1. Hey, V405 hits all of (1) under 18 Å from S318 (Cα atoms); (2) surrounded by fewer than 13 Cβ atoms within 10 Å (Cβ to Cβ) but one; which does it fall short on?
2. Cβ-Cβ under 9 Å, sequence separation 6+ or interchain: first residue in the stretch 321-345 and under 30 Å from S244 (Cα atoms), partner aromatic (F, W, Y) and part of a strand (DSSP E or B). Which pairs?
3. Can you confirm whether K404 is assigned to a loop (DSSP other than H, G, I, E, B) and assigned by TED's automatic domain parsing to the domain that holds T324?
4. Checking V358 against (1) surrounded by 13 or more Cβ atoms within 10 Å (Cβ to Cβ); (2) more than 28 Å from N211 (Cα to Cα); (3) of a type in the set (A, V, I, L, M), only one condition comes out false. Which one?
5. All but one of (1) surrounded by 14 or more Cβ atoms within 10 Å (Cβ to Cβ); (2) touching a strand residue (DSSP E or B) at 6+ places or on another chain (Cβ under 7 Å) hold for K397; which doesn't?
6. Taking the stretch 375-390 only, how many residues are over 28 Å from the mean Cα position of the chain (by Cα) and assigned to a strand (DSSP E or B)?
7. Quickly run through the stretch 151-195 and pick out the residues that are free of Cβ contacts under 8 Å to residues at least 24 places away in the same chain and either outside the structural domain of G79 (by TED's automatic domain parsing) or of a type in the set (A, V, I, L, M, F, W, C) (or both).
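The values are calculated or read from the model by the stated rules, or taken from the named source; none is laboratory data. Here the structure is a predicted model, which is why all the values come from computation and not from measurement. Every residue, glycine as well, gets a Cβ built from its backbone with ideal geometry; the counts of neighbours run over all protein chains shown.
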Amino acid sequence: MALSNDLRIEKVLSIVCTLCLLLVSPLGLAANSKPDVRVLIDISGSMKENDPNNLRVPALNLLVDLLPEGSKAGVWTFGEYVNALVPHENVNEDWRSQARSRSRDITSSALFTDIENALERSTYDSKRGNGGFDRHIILLTDGLVDISEAGSERQKRIENNRSRDDIQFDLLPKLQKAGFTIHTVALSDNADKDLMLKLAQRTGGLAAVANNAEELMQLFVQALDRTAPSEQVPLENNRFLVDSSINEFTALVFHKPNSQRVFLISPSGTRYTSLDKPDNIRWHYETHYDLITVTDPEDGEWLIETEMHPENRVTVVSDLSLQTSDVPATLFRGLSLDIEASITEEGELITRSEFLKVMTLNAEQVSDSDQVLKSDILTGKPGAAGYFETELGPFNKTGNFRIKVNLDGKTFQRSVSQPVSVQDIVSTSVDYDEGNDPTRVFFTKVLPELNSRDVQITASVQGLNLQAALASQESWTMKLPELNRDKEQVIRLFAKGTVEGKPLDVELEPIVIPSLNPEPQVSTMEEESAVQPQALPPEETGDSAGAEGADEPAPEEEKKKERMNLLDPNDKPLNSTPGGSDLLWVYIAVGLANIALFAGAFWLYRRFVQRRTAARQQKEEAKRDNDLSL
């Protein structure tokens, strides 16, 4: 079921925040290296549907707020043409003010979607040195490559595919060589998710899909998180602990547009708001979030008084820091992740055993709903004082997650979180014949380190066990038997072998072959109606539920029953379907019966009147006879 618009925008804003917070923190960046972020925003006409409230504006504003001083950034919009919305310059308050002002010019009016030109224009300096900056691109689009103005559909496909190929085989290698990391955010199911995935994977970036515009802010934050993992303190029930080593903290608090004011309560009980705060608190309010920075904070437990949100977070600048190894943006189902961590004090590695022995570190795989799916304890690394390690996994589910490393030092706490995408090691596609029957399944490796000869792919369908044959160094093919198309068929897939010497034994995402003859949908009737409903085709009933769920109670919002024409349940002319003449005879018979019934009633009424008149006459004659006798 589709998410509400508010939930969709929240996720997009979260991605923005995640990206931004990683840029804010120096953790994980190379020495003297600063982020250089180029944001490319689709303004094609389809955005009117996928982002009707233009929430690209608050998402961009959040990114602008979170970019650190000394970084570099620029914003381009693209459709039929590419425009430099905000100049690519050093980030300071003047740049931020200009960016917030120009963000209001983001529209949804362009005719085409020229992704190739957008990438070329925004990387104008790709042949120059990086100048000590880490180069990142955040690409937001809701469509396919669409550049052709040709009159015929065939010519349009040729020209659009040519541009798509130029991106993959010409432009992408150049951007890889120049050191660009591309993070892609697809804002609809119509987006070219395959192209977005390739751009991200081959440059080490994050590929995210926003089910709707409301998820945009969270997705932008996650993209920034991939730039540099942010050091945080755990936030539980909107409470967090500040110790004496923390010099500054920044709280990012999401909220609904019409929610109550956010309050920040210190350990001593002082209550702060955006309008009532001391000089050491900087407070920036936006419709969808508050950004609060406190320097030289009071030690103890702080409270954010507002509704809880899974993307709320508190990042810190501290003398005591948790350092973690890099986590790839893409992980794979069936494999594990090696994680290493250490603790530094004012940049120096802590190796004192009396300090380290009271430390507890653990690594977690966390879902979007903040559910911990896997957790492992980090233990001391043999022969490397001050370092801790573990192997987290193997991962069983595909999708977007976070890898978190948590440090509990009894008197202080730290956490580092990095967004990841877990995928299958191979992609699948099904080949159909002219009769729309599946004939073969193609498998293409996605994991770069995978040696196709070291892995066997098997399948189970209709009680049969099948094995894929090696087609090349990067692909397999599997011939399918004749399937029963009268019902849906599920092909279960399995991969077994080794990857870089490590064992692999995993069930992959199944392939679902739909039925050619889905069971007809049935419309419900009012319980008091005596007319038996007839089966209606799905386009008339509007019911998309499968026949298998007919015995299950419908959700409350789906229980509204359709009123039918009692004279004709199909609401069609009498002779519009086979059997119409029979139905006409039924109506004639019913009409004749009604006429007969009326005639009978009229006859009974006449009889009643005649009897009543005769009785009255008899009574009058009897009275006259009595009078005469007197």
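1. (2)
2. I339/F388; E340/Y387; E340/F388; A341/Y387; A341/F388; S342/Y387; S342/F388; I343/F388
3. So K404 does not fit the description; no.
4. (1)
5. K397 satisfies all of (1) surrounded by 14 or more Cβ atoms within 10 Å (Cβ to Cβ); (2) touching a strand residue (DSSP E or B) at 6+ places or on another chain (Cβ under 7 Å) except (1).
6. Summing the residues that are over 28 Å from the mean Cα position of the chain (by Cα) and assigned to a strand (DSSP E or B) in the stretch 375-390 gives 7.
7. The answer is I158, F169.
Yes or no, residue by residue, for (1) in contact with a helix residue (DSSP H, G or I) (Cβ under 8 Å, 6 or more places away or on another chain); (2) modelled with pLDDT of 80 or more; (3) farther than 19 Å from V253 by Cα; (4) crowded, with 24+ Cβ neighbours inside 10 Å:
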site: D189; (1), (2), (3), (4): no, no, yes, no
site: D192; (1), (2), (3), (4): yes, yes, yes, no
site: M196; (1), (2), (3), (4): no, yes, yes, no
site: Q201; (1), (2), (3), (4): no, yes, yes, no
site: G204; (1), (2), (3), (4): no, yes, yes, no
site: N212; (1), (2), (3), (4): yes, no, yes, no
site: L219; (1), (2), (3), (4): yes, yes, no, yes
site: S230; (1), (2), (3), (4): yes, no, no, yes
site: L235; (1), (2), (3), (4): no, yes, no, no
